[in-house]
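Working notes, beginning with the structure itself.
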Amino acid sequence: MNSPEDDLSEESRRQRETAPDSADYAWEDVERELSHPGPASTDSNQTANATQPDYGHVSSTIRSFDPFSPLIMVETAFLASAASLIWLVNFYFPTGPILRIFFPIPIALIYLRWGNRAAWMGAVVSGLLLSVLMGPPRSLLYVMPFGVMGVMLGMLWRRKATWAVSVAIGAILGAFGFFFRVWLVSLLLDDDLWLYATTQVTELTEWIFVKLNILVQPSLPFIQAMIVTMVILNNIVYLFVVHLVAWFLFDRLGNPIPRPPKWVQVLMEYEE
């Protein structure tokens, strides 16, 4: 015969088996509340969202200007390698001024898209790549002036400088690059290329004076000033053509540069 305590324990065990599981019912209530929130939960969510500021636009802005963003690094590496490839192809298979026009374009595009740091990194990467493929001296001939020129043009275009300002500054930088090239090649060849250039220009000037019946012996300062003037004029024409190419190309890439003077638009039959 069972004792009263045993009867009570057996009855309580049967009640637990037949009674519904409160934990299961509680979990079902939670799932139902999450899938179909009621008015109270909806109001609480709206209140929570109202009290918490939205940082979505801030995070996207930070990501777009993150200097270590994969997109920035990939585009910078791609455009830097494109600039190096243009220089490499033009060096071994010269096609005249066609490829030379595009020397500073990729670096300038990096500046317009990603800013100062990415542009300088692109110029440095182009120099390092060319130093591996062609040697350090030839890589320096690209970095100065064309790599630095690309950074400078990108900076001026991003700050909406006029064509007169950017062409003038670019021409001065290109002239410095010409004399840097003369100095570096003279150092490598152990010969004075500046003296050679002065001699050639002197002979040309004397021939012109004879044809014009000018009985004057050109002086050395006059010859050197003539060389500097010719170099600057050549760079002005070069920078003007670079601006034309960048004007048509960057508009289609979504990174427009400042508009040219009105006479250029009329000459190119381009009306906005």
As an exercise, use a Förster radius of 45 Å and the Cβ-Cβ distance of Ala164 and Leu128 to find the FRET efficiency, rounded to the nearest 0.05. 0.85
Using 0.36 nm times the number of residues separating Ile101 and Asp192, minus their current alpha carbon distance, what extension gain do you get? 29.9 nm
Met73-Gln265 FRET efficiency (beta carbon distance; Förster radius 30 Å; 0.05 resolution): 0.20
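All of the numbers you see were taken from the coordinates with simple rules; none came from a lab. Source: prediction; values computed, not measured. Quick reminder, even Gly has a Cβ in these numbers, built from the backbone with ideal geometry, and neighbours come from all protein chains shown.
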